[in-house]
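Right, one structure below, let's go through it.
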Amino acid sequence: MVIVFATNNPHKLEEISALLGDRYQLLGLKDLEIEEEIPEDHHTLEENASQKAWYIHKRTGRNCFADDTGLEVDALDGAPGVYSARYSRIGDPTFPHMEPAEGNIKKLLLQLEGAAKRSARFRTVISLVLDGIEHQFQGVVEGHITEHPSGAKGFGYDPVFIPDGYKTTFAEMDLDEKNQISHRALAVSKLVEFLKGM
């Protein structure tokens with residue numbers, strides 16, 4: 001089965017391709033020469049994932065899915081949440097010279113400086129549009145935010161997130177290890193189980 005994943009993020013494509021295996025042919029937006037910015041202007045992960053999936057489905061006519069992921073930090077009342085990818089660009093001109101991921105981590109650690117409570121979770125919502133019908137799947141992994149980044153693997157906030165029951169950040173884990181427990185892996189496993197039942 002050919003499915004379009006509505007992303008240009010090569011890290012996400014690599015992660016999800018590994019999870020889907022040989023049963024599916026996964027195409028990214030670059031494979032379809034779609035270069036425009038996909039809209040995601042809602043205030044929840046569920047709405048953004050849905051918006052992106054329908055946009056690509058209507059644009060291509062293909063079965064597709066989109067995800068939206070947020071890091072929810074308890075001490076920050078759930079922030080950065082739906083704004084995780086552009087956190088350092090919101091209302092703060094301090095980090096314009098940095099790459100987005102670096103700026104996001106820098107801002108997060110500054111806001112948590114001295115905080116005793118550092119519990120957080122990664123949450124992924126996937127919207128699948130299959131034959132014109134939408135289905136949603138969610139994956140959540142609980143953990144906490146470290147005081148300093150550690151590890152060079154992964155992407156986004158991975159260097160500062162340690163999942164519960166582990167002593168290493170996502171960025172210190174091999175892809176196979178991360179894919180056994182990550183929020184995205186949990187959501188994708190629900191997606192795959194659904195597709196297997198079709």
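Summary of computed values
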{"quantity": "Relative contact order (%) - region 113-154, alpha-carbon pairs under 8 angstrom, separation at least six", "calculated": "41"}
{"quantity": "Relative packing of peptides 103-115, 42-54, 119-131 - highest average C-beta neighbours within 10 Å first", "calculated": "119-131, 42-54, 103-115"}
{"quantity": "Fluctuation leader among I56, I145, I90 - the chain, Gaussian network, Cα springs under 10 angstrom", "calculated": "I90"}
{"quantity": "Other-chain or far-sequence residues with amide H under 5 Å of E142's (modelled H)", "calculated": "D164"}
{"quantity": "Backbone HN-Hα couplings from phi across region 58-68 [Karplus 6.51/-1.76/1.60, Hz, Gly and Pro as x]", "calculated": "5, 6, 10, x, 9, 5, 7, 9, 9, 10, 9"}
{"quantity": "Amide H partners (placed H, <5 Å) of L130, local residues excluded", "calculated": "H135"}
{"quantity": "Spatially proximal aspartates and glutamates relative to K178 (Cα-Cα < 20 Å; intrachain offsets below 8 disregarded)", "calculated": "E14, E15, D22, D67, D68, E72, E142, D158, D164, E193"}
{"quantity": "Computed magnitude of the charge dipole of the chain (debye, nearest 20; Cβ of K, R +1, Cβ of D, E -1)", "calculated": "160"}
{"quantity": "Å³ per residue enclosed by the Cα convex hull of the chain", "calculated": "121"}
{"quantity": "26 Å Cα-Cα threshold exceeded, pairs from K107/K153; K117/K167; K58/K107", "calculated": "K58/K107"}
{"quantity": "Rounded to whole Hz, the Karplus (6.51, -1.76, 1.60) HN-Hα couplings of region 39-47, x for glycine and proline", "calculated": "x, 8, 10, 9, 10, 9, 4, 4, 5"}
{"quantity": "Region 94-138 versus region 162-198: alpha-carbon centroid distance in Å", "calculated": "16"}
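Throughout, read-outs are computed from the coordinates displayed, never taken from laboratory work. Predicted model only: the values in this text are computed from it and were never measured. FYI the Cβ positions are ideal-geometry reconstructions off the backbone, even for glycines, and counts take in every protein chain you see.
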